[in-house]
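The values are calculated or read from the model by the stated rules, or taken from the named source; none is laboratory data. Bear in mind that the values here come from a model prediction, so they are computed numbers and not experimental data. Cβ atoms come from the backbone with ideal geometry, glycine included; neighbour counts cover every protein chain shown.
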Amino acid sequence: MNVDTSVLNNINGGGSNVLSARQSDELRESFMTLLITQLQNQDPLNPMENSEMTSQLAQINTVSGIEELNSTLEGITSQMDANQALQASGLIGKGVMVPGKDVLVEQDSEGNTYTTPFGIELAQPAKSVKATIVGQGGQVIRQLDLKSLDSGVHSFDWGGENDQGDAVASGRYSVQIEATDAEGEKIESTALQYAVVNRVTPNDGSGSVRLDLGAIYGQVNLNDVKQIL
């Protein structure tokens, strides 16, 4: 009486449904009942081999072991999710750099100009990095030479001025990044934008805690945060 391998697969998540605790208990009770009945009614001239009994007992132990392992993993996952949410809550009210190209400009009543930072993430060191600030109509506002940069994440501030040194109007602008190596070949880079974390949403099944960055940027995964400012 061997336990069908499909049963093991279902318990281990390989099938479409995972057995409930009640079904698992019933399976073990049925197995032991059949095993005892088999031992009581076996042919005395052809008794069950020790290896057969060991194999059958090993199968039911495997079923129990998988259930206990799955239960343990679920507990660990829950603890990790709770810990991740707790850590993410510390970001509320703080500025973070996430993938994106937006740069926001605002002028107050006294004529002071404020801009949000922009950033870049480089997969490898770059010999030359240039940033171009572009208006909503596609016009070039400012070109910045960021020189050479190491691999990793870097953030910068743009003063809100065009190439002529004049302050630009309030609004949303975008940054275009071009990074090249010593041979002038383009290298992988990701533009980063600044946003403030308003609140934290616990893991909803996406695999990560989500951060609410407000009406403009919506929500992003905690894993998307490249730098905390």
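Details
- Residue in segment 176-193 that is over 21 Å from Gln227 (Cα atoms), without any contact (Cβ under 8 Å) to a residue 12 or more places away in the chain and assigned to a strand (DSSP E or B) present: yes
- Taking the listed residues Ala215, Ala167, the one that is surrounded by fewer than 16 Cβ atoms within 10 Å (Cβ to Cβ), out of contact with any strand residue (DSSP E or B) (no Cβ under 8 Å at 6 or more places or on another chain) and among the hydrophobic types (A, V, I, L, M, F, W, C) is Ala215, with no other qualifying.
- Within segment 160-174, residues that are closer than 12 Å to Thr113 by Cβ have Cβ atoms under 6 Å from residues that are of a type in the set (Ser, Thr, Tyr) in these pairs: Gly160/Thr113; Gly160/Thr115; Ala167/Thr113, counting only partners at least 6 apart in sequence or on another chain.
- First in segment 105-120 and under 25 Å from Ile187 (Cβ atoms), second anywhere and in a strand (DSSP E or B) and among the basic types (Lys, Arg), Cβ under 9 Å, 6 or more apart: none
- Looking across segment 194-215, the residues that are in a loop (DSSP other than H, G, I, E, B) and free of Cβ contacts under 8 Å to residues at least 40 places away in the same chain come down to Asp204, Gly205, Ser206, Gly207, Gly214, Ala215.
- Taking the listed residues Gly138, Gly100, Gly90, the one that is modelled with pLDDT of 90 or more, surrounded by fewer than 12 Cβ atoms within 10 Å (Cβ to Cβ) and out of contact with any Lys or Arg (no Cβ under 9 Å at 6 or more places or on another chain) is Gly138, with no other qualifying.
- Whichever residue in segment 146-159 is in a loop (DSSP other than H, G, I, E, B) and without any contact (Cβ under 8 Å) to a residue 40 or more places away in the chain and, among such residues, is surrounded by the most Cβ atoms within 10 Å (Cβ to Cβ): Leu146
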